[in-house]
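The values are calculated or read from the model by the stated rules, or taken from the named source; none is laboratory data. Worth saying up front: this structure is predicted, and the values here are computed from it rather than measured. A quick note on method: Cβ atoms are made from the backbone with ideal geometry, for glycine too, and the neighbour counts reach across all protein chains shown.
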Amino acid sequence: MKEYFVAVTPHGPLRMGDLKPRGDYFGTRSYIPGAVLRGALAEWLKAQGRESEIVSLVGRVRFGNLFPSEVEQAWGLPFPTTALECKLEGGFRSTASDREGVSRPGHGIRDGLLLFVAYSELETLGAQFPVPLQLRCMAQRGEECCGGRMERVSGFYVRLPEGWRVREMERGLLTKVALSRYRRAAQEQMLYRVSALRPQGCFVGRIWTDDDSVIDTLREAVEHIGVGALTTRGFGAARLREAKQVSLPSLAERLREFNEKLGEVWRDLADLARQVGNAVPDEPSGTYFSVDLLAPAVLNDTQGLPTLKLCLRGPDGSWLEPIWWATQPTFVGGFSTAWGLPKPTALGSAPGSVYVFRSELPEAQLVSWLENLEAHGVGQRTDEGLGEILVCHPFHREVMPV
Ligand SMILES: [Zn+2]
């Protein structure tokens, strides 16, 4: 299936909640899950009396997730779990007017993945490092090195021509008057509060299909039906467009760069190990790659049991286990707007999870297998955006200095 980028620009508050309502308060997510676009498409077909087409049309599309961005030309992405910022002066160095709107350059956001992988692989190969791996901020603070502790960054970022920016969605709490289910009139003394995303910027993401007329139908669906929940109560007005200018380095390029950077970090650490008398290889052998979750994934192990550890079935049918991974659990629920029913809740791996694998396959074979993997996603319910992955997430290039 062919990959397309689409951008949704909201004109009003959006509700992406799929969490269970607690009391009179509804929460919301900060991105548009693929299931929401799929729901809008199904609802639009239903509204036009085209129910019979729902299964076949929706079945020809795989919906990715749309992440917050500022402009339709740039793809916002979730930070990988291994992205780190200074505890004292967080935020990107170039554009840190992000958190509270105050312009204040941070000490930079870096990625620890390649360092963790090289360190752990060299240890497996017999290196005994004189000191444990401890990451400290290397930014200059006046005359001195900052030395602040590094901590995890969560959320989304976008790379704009003027620099990197953390993308945080503002939420507002709106109070609404409850409507009587029977009379469609305001019910006395019934108010509820809804947390919604304020309309700012846009959301950009991928969909896969062989039928390019789907984009047009989806555009109509978003314009007429809206996106998210409570669209009949004034939420979710938006416009969808194909985002033709968004580009991503090819998988082959990402893979090459990932391995080049890993080689650099490896050589530095191998030097350090040799200084204390350990004989370790100068260069990594084989090809390493990361599988980064952009959305929650519901995974099963090789026996079919639920797990948070991603194993891949290689092109020869054998199972590939990660040599390093970082993940955390999350609840995966969902609500089908088309059918008006909640979906079963499952335990999944959270977005940002990183799994690193090592392969001996020839490069061309590895690249085509990984391209196929990226187009299909991992785990269950991938057609609605779960298990969306990026192989060798570009943020891993922002290597944390040793
Ligand atoms: Zn610092």
* When the range 347-402 is examined, which residues are found to be hydroxyl-bearing (Ser, Thr, Tyr), surrounded by 21 or more Cβ atoms within 10 Å (Cβ to Cβ) and part of a strand (DSSP E or B)? -> 349, 355
* Asked: If you check residue 258 against the conditions, is it in a helix (DSSP H, G or I) and aromatic (Phe, Trp, Tyr)?
  -> yes
* Asked: For the range 176-208, what are the residues that are at pLDDT 90 or above and touching a Lys or Arg at 6+ places or on another chain (Cβ under 6 Å)?
  -> 208
* To do: Please name all residue pairs, on different chains or six or more residues apart, with Cβ atoms under 6 Å, provided the first residue is in the range 141-170 and is free of Cβ contacts under 8 Å to residues at least 12 places away in the same chain and outside the structural domain of residue 204 (by TED's automatic domain parsing) and the second residue is in a strand (DSSP E or B) and within 16 Å of the ligand (Cβ to nearest atom).
  => 147/136
* Candidate set from the range 53-81 (those that are in a strand (DSSP E or B) and aliphatic (A, V, I, L, M)); member that is farthest from residue 396 (Cα to Cα) -> 61
* Examine the range 344-355 for a residue that is of a type outside the set (S, T, N, Q), at pLDDT 95 or above and under 20 Å from residue 287 (Cα atoms), and state whether such a residue exists. => yes
* Would you call residue 94 under 26 Å from the mean Cα position of the chain (by Cα) and surrounded by fewer than 21 Cβ atoms within 10 Å (Cβ to Cβ)? -> yes
* Structure fact -> Within the range 88-117, restricting to residues that are at pLDDT 85 or above and among the small types (Gly, Ala, Ser), the one that is farthest from the ligand (Cβ to nearest atom) is 112
* To do: Taking only the range 232-255 into account, find how many residues are assigned to a helix (DSSP H, G or I), touching a residue at least 40 places away in the same chain (Cβ under 8 Å) and either loosely packed, with under 14 Cβ neighbours inside 10 Å or touching a Pro at 6+ places or on another chain (Cβ under 7 Å) (or both).
  => 1
* In the range 148-157, the residues that are at pLDDT below 90 and either within 16 Å of the ligand (Cβ to nearest atom) or under 16 Å from residue 246 (Cα atoms) (or both) -> none
* Residue tally, condition more than 16 Å from the ligand (Cβ to nearest atom) and not in a loop (DSSP other than H, G, I, E, B), over the range 123-147 -> 2
* To do: Please verify whether the range 68-85 includes one or more residues that are within 16 Å of the ligand (Cβ to nearest atom) and acidic (Asp, Glu).
  => yes
* Do we find a residue being in contact with a strand residue (DSSP E or B) (Cβ under 6 Å, 6 or more places away or on another chain) and more than 30 Å from residue 29 (Cα to Cα) anywhere in the range 320-343? -> yes
